[in-house]
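Asks: Take this structure first; my questions come after.
The values are calculated or read from the model by the stated rules, or taken from the named source; none is laboratory data. Because the structure is a prediction, the values reported are computed rather than measured. Here Cβ is always computed from backbone atoms with ideal geometry, including for glycine, and neighbour counts include all displayed protein chains. The protein model used for the area step is the full one, side chains on, heavy atoms only, and it has no ligands, DNA or RNA in it. Shrake-Rupley method; radii C 1.70, N 1.55, O 1.52, S 1.80 Å.
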Amino acid sequence: MNRRMLELNNVEVIYDDVILVLKGLSLQVEEGQIVALLGSNGAGKSTTLKAVSGLLVPEDGEVTDGSIEFLGQMIHNQEPSRIVRKGIFQVMEGRRIFEHLNVEENLRAGAYTTPHRQQISEKLALVYEYFPRLAERKQQVAGFLSGGEQQMLAIGRALMATPKLMLLDEPSLGLAPLLVQEIFQIIERINQEQGTSILLVEQNARVALRIAKHAYIMENGRIVMDGTPEELSDNADVREFYLGFTERGQRKSYRDVKHYKRRKRWLS
Amino acid sequence: MATAETLPQLLLENARRFPQKVALREKRFGIWQTITWSEVGRRVKDFSLGLAAMGLEKGQNIAIIGDNRPEWIIAELSAQVLGCASIGVYQDSVVEEVRYIVTNADVRYLVVEDQEQVDKVIELWDALRETVQSIIYYDPRGLRNYDLAELISFPAVETMGREFAEQNPTHFEESISAGRGEDIAIVSTTSGTTSRPKLACITHANLIAMAEGLTAVDAFQAHHEFVSFLPLSWIGEQMISVSCGLYVGFALNFPEEPETTAQDIREIGPHIMFAPPRIWENMVSNVQVKMEDSGWLKRRLFALALAWGTQIADAKFQGESLTLWQSMRERLAQVLVFSNLLDQLGLRRIRWAYTGGAALGPDVFRFFHALGINLKQGYGQTETTGICVIHRDGDIKFQTVGLPVPGAEVSIASDGEILAKGTMCFRQYYRDPVATRNTLLDEGWVKTGDAGYFDDDGHLIVIDRVSDVMQLHDGTTFSPQFIENKLKFSQYIREAVVFGGDFPFVTAMINIDFGNVGKWAENHHLSYTTYTDLAQKQEVYEIIRGAVEQTNDDLPPAARIRRFLLLHKELDADDAELTRTRKVRRGFIHDRYGELIDALYGNEDSIQILTDITYQDGSKAKLEIALRIEDLTPAEAELVPE
């Protein structure tokens, strides 16, 4: 435990040689941990994940400064295919499954780093154990699955690669609250039972803080605050801007939403 | 034009002299909307009669809380039409500050901008409902479901005014002509560095005398442009935008939002600008940071042009005439580099730029003069309607604040305190005869509370607050502000509070500049999250130590800083550590951080403290933190005991 798995140190990312998205971003994931990365739209959360997984390159993005270290090796600006082999798998935002393939074919696609048939079928069984719903729909064309099932499929496909570190980008996006709960329970189980470290990007701060061991809050391309979920949940700014509590601890109603925002202080 | 005694009379005159000329300009949804002088006259008529219809009478007051908008000016002038005073409350004030001003100044009507301000008033409503009759708002967003009976919209008041005008067709003109110069026009809050803000009563005669004096020094013209972006509750903004604006008739421009100010200034290209040192300092550090990020050629050219510009500026400060060679360089630097840079900053048309409210560091001063900007220091306080001493064109020395404004007399009391006298000196503090007696001496001299002296050319030099100037144990005169300003030349230091007078040696509490230190940290691959995290890094202590050592080199040994610490948070007006004009409240900090001061004079190299944080909405939180203390005591020096 507590071995450092992933370490981003002062990472700067520029798209198209001009657009500065991340600057001086540093964060760490320890082995076996779930770490949450919270932030509003456009804060640079997805870019952070893509910088780790190497998927920046097809989008003409580049890590121009700083370093990304995974298990002691520098991995920034490497080919995504090499990074996958090292044990990092990103579940992209919006699910991105192969819609015309069926469920099982989708899952097998995730195992392309594993050459042995025997291992593949063991892994399939494991995925079906975590996601019984997928087992029921093995032969269905993936495009016809519900949103929640597609998200399960995307996570299941990641599991097929037996990653050491899974990068999850907004798994709760567009899902009903009950389903969000179900998926987050499964993520937590995967983390505990498989020992998979998880770096989780979420807009739904409440569910993310429930399962994370450590969380970072990101704004305008840099980390403005970090701490344990308890510390963050106690912080007045996090409560106001991420958890939607008023200062008296009540949940806010949309009827009471103000047209102005309090100034953030980010004091920890 | 000397016939007008009050601001509303000036307004009527302007509406007659140039009815179609732009008086106010406001940016809405990215488009500049103009209001002419005749329209301002009409709207002031409607709103003032609306207030009259609601029952506002001579001798009562209104308070205005909001960003700079045409409605702010209209409301202020409308109150003055009826012989009432207006009180500006800083728009970022917390609830308690609003309560203090509104209840102490007997405010009957509140004119507020938007939901944020309405919410503050509603929170206070139990305390205010006895005295406040109505709350008038001008931005209706989010207020539809508010059912407080006393809430009324700005246009509704104007409609009432039009109806009132039909019944009383001459009321408006009669009220205006009944106005006298000695009537109180505004009640202005003093900055309150030493205690709670006091309420100073400023008359129409004060405001007009000040505008006369200032325009006698610098001939503002009606076709000039001015961008009004600093709080209108600040006397400095009142003095230029309201008094001089009405007196001369130039146009006021209001930015769309505080965040768009820089861009909006660039679009307007003002001729006149007045801002406290903080704004000028920010501009310099922005230029420096942008230059560091620009290409090699631009950097070289800028460095060369700046070196020439500085040389030329220094020659001018010395009063030397330029050599032909220097004049050529001046033109070349302007054409090649500075004209473009000034255009980016929105300063290309500037004829007069002023700094006031606090001392501006010589380096910043020199920088702007090197760029060819005619930046001048002014000196004054709320009690002298904002200004009583100012630099004259071509006679600028950056260590001085210039010569008295025509109409003002300045002298030095036997204990070194600066005294001011003249038509711009205030009448009294609102319902506070004791404070008035303590400040306003016989024969009309106002005690400024600042220590200073005149140099050989008759320029005034301000040292510091009288109460802060002290003798160190070896007899050296010690001014904390002097040392603080020296520290603040470092781009890494945002704010500093120096202690010394009562103590065996000198220490400092320092606020790092989050932007610049953050950038430095990024360049040095030092990762950080919050301000607190960055401020407590060993490496950051080291660069600040460097800056402190540099400051110490220029100080007499007894005044050198022996120990310092970096504060875990920026000093903040919401925590009452700064005034609303962002000046350090030394006394308050002394009380609040007593533990830290003890630690600075102790032997430990770190201290654990627990502090309160106040958020903008009034909520509070606790914060516990360990702070490191850096010791610069030279090994051979002994601490001299008291």
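Asks: Quick one: count up the residues across the range A:59-81 that are over 18 Å from the mean Cα position of the chain (by Cα), away from every other protein chain (no Cβ under 14 Å) and either in a helix (DSSP H, G or I) or surrounded by fewer than 20 Cβ atoms within 10 Å (Cβ to Cβ) (or both).
Replies: Of the residues in the range A:59-81, 10 are over 18 Å from the mean Cα position of the chain (by Cα), away from every other protein chain (no Cβ under 14 Å) and either in a helix (DSSP H, G or I) or surrounded by fewer than 20 Cβ atoms within 10 Å (Cβ to Cβ) (or both).
Asks: Does B:Ala165 satisfy the criteria of being within 14 Å of B:Ala52 (Cβ to Cβ), out of contact with any Gly (no Cβ under 6 Å at 6 or more places or on another chain) and in contact (Cβ under 8 Å) with a residue 12 or more places away in the chain?
Replies: yes
Asks: Also, I was wondering about something else. Which of the residues belonging to the range B:20-31 are in a strand (DSSP E or B) and open to solvent by 60 Å² or more (accessible area, probe 1.4 Å)?
Replies: B:Arg28, B:Ile31
Asks: Then there is this: Which of the residues that make up the range B:388-407 are open to solvent by 10 Å² or more (accessible area, probe 1.4 Å) and in a strand (DSSP E or B)?
Replies: Passing the criteria: B:Arg392, B:Asp395, B:Leu403, B:Pro404.
Asks: Sort out for me the helices (runs of 4 or more DSSP H) sitting completely within the range B:70-173 that have 3 or more residues that are within 14 Å of chain A (Cβ to nearest Cβ).
Replies: Once the helices (runs of 4 or more DSSP H) in the range B:70-173 are filtered for at least 3 residues that are within 14 Å of chain A (Cβ to nearest Cβ), what remains is B:115-123.
Asks: Looking at B:Ile186, B:Ile135, can you tell me which residue is touching a helix residue (DSSP H, G or I) at 6+ places or on another chain (Cβ under 8 Å), without any contact (Cβ under 8 Å) to a residue 40 or more places away in the chain and open to solvent by less than 40 Å² (accessible area, probe 1.4 Å)?
Replies: B:Ile135
Asks: May I pose another question? Test each condition in (1) surrounded by 16 or more Cβ atoms within 10 Å (Cβ to Cβ); (2) acidic (Asp, Glu); (3) within 14 Å of chain A (Cβ to nearest Cβ) for B:Glu630 and report the one that comes out false.
Replies: Status for B:Glu630: all satisfied but (3).
Asks: Turning to a different aspect of this structure: Go through the range B:70-107 and give me each residue that's modelled with pLDDT of 95 or more and of a type in the set (D, E, K, R).
Replies: B:Glu71, B:Glu76
Asks: Restricting attention to the range B:582-619, which residues are of a type in the set (A, V, I, L, M) and either open to solvent by 30 Å² or more (accessible area, probe 1.4 Å) or away from every other protein chain (no Cβ under 14 Å) (or both)?
Replies: Hits for the range B:582-619 are B:Val584, B:Ile589, B:Leu596, B:Ile597, B:Ala599, B:Leu600, B:Ile607, B:Leu610.
Asks: Further, regarding this structure: Test each condition in (1) open to solvent by 40 Å² or more (accessible area, probe 1.4 Å); (2) aromatic (Phe, Trp, Tyr); (3) part of a strand (DSSP E or B) for B:Phe564 and report the one that comes out false.
Replies: Here B:Phe564 clears every test but (1).
Asks: Can you confirm whether the range B:539-551 contains a residue that is within 30 Å of B:Ser188 (Cβ to Cβ) and within 30 Å of the chain's Cα centre (by Cα)?
Replies: no
Asks: Separate question: What residue, among those in the range B:341-387 that are within 16 Å of the chain's Cα centre (by Cα), of a type in the set (A, V, I, L, M, F, W, C) and assigned to a loop (DSSP other than H, G, I, E, B), is surrounded by the most Cβ atoms within 10 Å (Cβ to Cβ)?
Replies: B:Ile387
Asks: Restricting attention to the range B:516-544, report how many residues are within 12 Å of another protein chain (Cβ to nearest Cβ) and either touching a residue at least 12 places away in the same chain (Cβ under 8 Å) or at negative phi (or both). Spell out the reasoning first.
Replies: First, the residues of the range B:516-544 that are within 12 Å of another protein chain (Cβ to nearest Cβ): B:517-536.
Next, only the ones that are either touching a residue at least 12 places away in the same chain (Cβ under 8 Å) or at negative phi (or both) stay: B:517-524, B:526-536.
So the count comes out to 19.
Asks: Looking at B:Leu623 and the list (1) free of Cβ contacts under 8 Å to residues at least 24 places away in the same chain; (2) facing chain A (nearest Cβ under 10 Å), which single condition is not satisfied?
Replies: (1)
Each row is one residue, and each column tells you yes or no for (1) open to solvent by 50 Å² or more (accessible area, probe 1.4 Å); (2) within 14 Å of chain B (Cβ to nearest Cβ).
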site	(1), (2)
A:Leu25	no, yes
A:Glu31	yes, no
A:Ser40	yes, no
A:Ser46	no, no
A:Lys50	no, no
A:Ser53	no, no
A:Val57	yes, no
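Asks: Quick one: which of B:Ala496, B:Ala535 is surrounded by 22 or more Cβ atoms within 10 Å (Cβ to Cβ) and farther than 28 Å from B:Val462 by Cβ?
Replies: One residue alone meets the criteria, B:Ala535.
Asks: Evaluate the range B:98-107: report whether one residue or more is in contact with a helix residue (DSSP H, G or I) (Cβ under 7 Å, 6 or more places away or on another chain) and buried (at least 20 other Cβ atoms within 10 Å of the Cβ).
Replies: The first filter runs over the range B:98-107 and keeps only residues in contact with a helix residue (DSSP H, G or I) (Cβ under 7 Å, 6 or more places away or on another chain), leaving B:98-99, B:102-103.
Within this subset, residues satisfying the condition of being buried (at least 20 other Cβ atoms within 10 Å of the Cβ) are B:98, B:102.
Within the range B:98-107 (the criterion being in contact with a helix residue (DSSP H, G or I) (Cβ under 7 Å, 6 or more places away or on another chain) and buried (at least 20 other Cβ atoms within 10 Å of the Cβ)), the answer is yes, since at least one residue qualifies.
Asks: Among what's in the range B:558-577 and is away from every other protein chain (no Cβ under 14 Å) and out of contact with any helix residue (DSSP H, G or I) (no Cβ under 8 Å at 6 or more places or on another chain), pick the residue that is nearest to B:Gln608 (Cα to Cα).
Replies: We begin by selecting, within the range B:558-577, every residue away from every other protein chain (no Cβ under 14 Å); these are B:558-566, B:576.
Going one step further and asking which of them are out of contact with any helix residue (DSSP H, G or I) (no Cβ under 8 Å at 6 or more places or on another chain), we end up with B:558, B:562.
On the way: B:Ala558: 29, B:Arg562: 20 Å.
Filtering first and then ranking leaves B:Arg562.
Asks: Touching a Pro at 6+ places or on another chain (Cβ under 7 Å), open to solvent by less than 10 Å² (accessible area, probe 1.4 Å) and in contact (Cβ under 8 Å) with a residue 40 or more places away in the chain: is that true of B:Ile202 in this structure?
Replies: So B:Ile202 does not fit the description; no.
Asks: Is it fair to say B:Glu76 is buried (at least 23 other Cβ atoms within 10 Å of the Cβ) and among the acidic types (Asp, Glu)?
Replies: Considered against the rule, which asks whether it is buried (at least 23 other Cβ atoms within 10 Å of the Cβ) and among the acidic types (Asp, Glu), B:Glu76 comes out as yes.
Asks: Next question, about the same structure. Only one residue in B:Asp455, B:Asp450, B:Asp464 is open to solvent by 20 Å² or more (accessible area, probe 1.4 Å), more than 14 Å from chain A (Cβ to nearest Cβ) and acidic (Asp, Glu), so which one is that?
Replies: When all the criteria are applied, what remains is B:Asp455.
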